[in-house]
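The values are calculated or read from the model by the stated rules, or taken from the named source; none is laboratory data. Fair warning: this is a prediction, and the values are worked out from it, not measured in the lab. With ideal geometry, Cβ positions are generated from the backbone for all residues, glycine too; neighbour counts draw on all protein chains shown. The area values use the complete protein model at the heavy-atom level, side chains included, leaving out ligands, DNA and RNA. Shrake-Rupley method; radii C 1.70, N 1.55, O 1.52, S 1.80 Å.
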Amino acid sequence: MTAHVDQFARRMLPPRELWPEISMGELRYPDVMNCAAELLDTMVGQGNGDRIALRFPGGTWTYRELLEHSNRIAHVLTRDLGLVPGNRVLLRGPNNPMMAACWFAVLKAGGIVVATMPLLRTRELAYLLDRAQVAIALTDARIADALDEAARGAKSLRHVMRFGGGAEPPSLEAHLARKPADFETVSTAADDVALIAFTSGTTGGAKGTMHFHRDILACADTFARHVLRPGRDDLFCGSPPFAFTYGLGGLIMFPMRIGAASLLLEQASPPQLLDGIRTFGATICFTAPTAYRALVEEAARGGVGSLRRCVSAGETLPRATFEAWHQATGIRIIDGIGSTEMLHIFISAADDDIRPGSPGRAVPGYRAIVLGDDGREAPRHTVGRLAVRGPTGCRYLDDAERQRGYVVNGWNVTGDAYIEDEQGYFWYQARTDDMIISGGYNIAGPEVENVLLEHALVKECAVIGIADEQRGQVVKAVVVLHDGTAASLETVKALQDHVKAQIAPYKY
């Protein structure tokens, strides 16, 4: 059963025999369910329309205002842009209210969200447009040029519409101003694809991971409910963009599930994030260890306002960072292991359950084990590959080879080496693949190598990650130049500038 008229996503799912084993545990969702309606319409229908949903520099939106904006955008998508259920819609912009409204609108209209980071360049956007066969793109006007250029070669793309640049036609704002504030949400199946999230691969292009409507709720009903345990009066904030499922959970899925509010900051560098926490009174923060390390001294000097919960993911949280933050603020960081393939965090611990240096135990609803070289569960205190099962799991977009590598005998095998102790706590040892993790970003060395090899001066190159106290790892390129080329500082800068111009700057 599906509500999708355009069945591209269903056709692109892996063969059933390659799917991970899904265990819903105590979670129960109806067969017909739209996660946007569950998070937004239901909240308003329960009498919470006047509660603040979004705070941002310059204003607030209530749940009713967010719902009405989303409904109007859904009308634009279906009436003006011809969206049919199952079409993929690319979203591109910083964390702001319009991006949130667009996210809900796409799902309410039965579309599939393909969110992208603002930092991506033309070639990266072109790849995603083609890989997901995107039909419609909504982009912040301030960063539209790269998408416009990528769109020229995209065969499936029918429309690109800008928002945030004013109310003059043909902007999204001009279209939605004439649309009604109510919309009949498409009755999607719980296992219709809602989201295609891309993550870097160690070989080839970025991997598309496909998540169902029920998966969106499952993350909120496991990690958020049992470990984070937020309240309706909490104000969530964080640095990850919506395109990272880590940011999507912390800023959309988790607060909206309980009627709490989210602080959206378009710029959320460590100093800007701390300023936002203090100014707006945020109580729960999602960011990477890099940011906590960078803010320790300032937090110790000026405090962290109303902040009571801190979540870390995206890279390993060093014990020294945990201890320094605790000493500076009195807050014990909730560490977590998650992946784009699993959608969000599946190993974590909070409060008295925290063991510094370990991210924790399997989140209720998930099961985690360590696999030995023989593919079977290894004894405790044995180094092996981390494997996870639960209500979410890996489904790569049209990529059976990678699917076979990630899902083994029904287990999601993450690419990390861990040991498990007698109490069920997991302790990180190393990556088992070639992924470089820098400041919370996953960076594929081969992608950077391919860009460098396009430069006329480069004969050969190898890209590796090297240890860095602030970012965990940084990207290092070892380059062999063509004969007759000087290995000068000018050459170094030319190669750096070339990489930054071709792919997201954090990869250089």
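Points to keep in mind about this one:
- Residue within segment 444-464 that is touching a helix residue (DSSP H, G or I) at 6+ places or on another chain (Cβ under 9 Å), outside any strand (DSSP E or B) and polar (S, T, N, Q) present: no
- Condition check for residue 265: open to solvent by less than 10 Å² (accessible area, probe 1.4 Å) and hydrophobic (A, V, I, L, M, F, W, C): no
- Single match in 50, 6, 41 (criterion: modelled with pLDDT of 95 or more, part of a helix (DSSP H, G or I), among the acidic types (Asp, Glu) and over 29 Å from residue 413 (Cβ atoms)): 41
- Count of residues meeting criterion [open to solvent by 60 Å² or more (accessible area, probe 1.4 Å) and either outside any loop (DSSP other than H, G, I, E, B) or not charged (D, E, K, R) (or both)] in segment 467-496: 14
- Residue in segment 301-337 that is farthest from residue 438 (Cα to Cα), counting only those that are of a type in the set (S, T, N, Q) and open to solvent by less than 30 Å² (accessible area, probe 1.4 Å): 321
- Residues considered: 477, 501. Of these, the only one that is in contact (Cβ under 8 Å) with a residue 24 or more places away in the chain, among the small types (Gly, Ala, Ser) and touching a Phe, Trp or Tyr at 6+ places or on another chain (Cβ under 9 Å) is 477.
- Just one of the numbered conditions (1) buried (at least 21 other Cβ atoms within 10 Å of the Cβ); (2) out of contact with any Pro (no Cβ under 6 Å at 6 or more places or on another chain); (3) in contact (Cβ under 8 Å) with a residue 60 or more places away in the chain is not true of residue 436: (3).
- Any pair with Cβ under 8 angstrom, 6 or more apart, that starts in segment 366-395 at a residue that is closer than 18 Å to residue 219 by Cβ and ends at one that is open to solvent by 30 Å² or more (accessible area, probe 1.4 Å) and among the acidic types (Asp, Glu): 389/21; 393/21
- Residue check, residue 60 β-branched (Val, Ile, Thr), outside any helix (DSSP H, G or I) and either open to solvent by less than 10 Å² (accessible area, probe 1.4 Å) or out of contact with any Gly (no Cβ under 8 Å at 6 or more places or on another chain) (or both): yes
- Residue count for segment 449-474 under the criterion of being of a type in the set (A, V, I, L, M), in contact (Cβ under 8 Å) with a residue 12 or more places away in the chain and under 30 Å from residue 321 (Cβ atoms): the result is 4.
- When residue 77 is tested against (1) surrounded by fewer than 21 Cβ atoms within 10 Å (Cβ to Cβ); (2) assigned to a helix (DSSP H, G or I), just one condition goes unmet, and that condition is (1).
- Meets criteria (more than 17 Å from residue 471 (Cβ to Cβ) and among the polar types (S, T, N, Q)) for residue 245: yes
- Which numbered condition residue 361 misses (of (1) open to solvent by 10 Å² or more (accessible area, probe 1.4 Å); (2) within 20 Å of the chain's Cα centre (by Cα); (3) touching a residue at least 40 places away in the same chain (Cβ under 8 Å)): (2)
Residues are listed down the side, and each one gets a yes or a no for (1) in contact with a Gly (Cβ under 7 Å, 6 or more places away or on another chain); (2) of a type in the set (A, V, I, L, M):
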| site | (1), (2) |
| --- | --- |
| 17 | no, no |
| 27 | yes, yes |
| 41 | no, no |
| 48 | yes, no |
| 76 | no, yes |
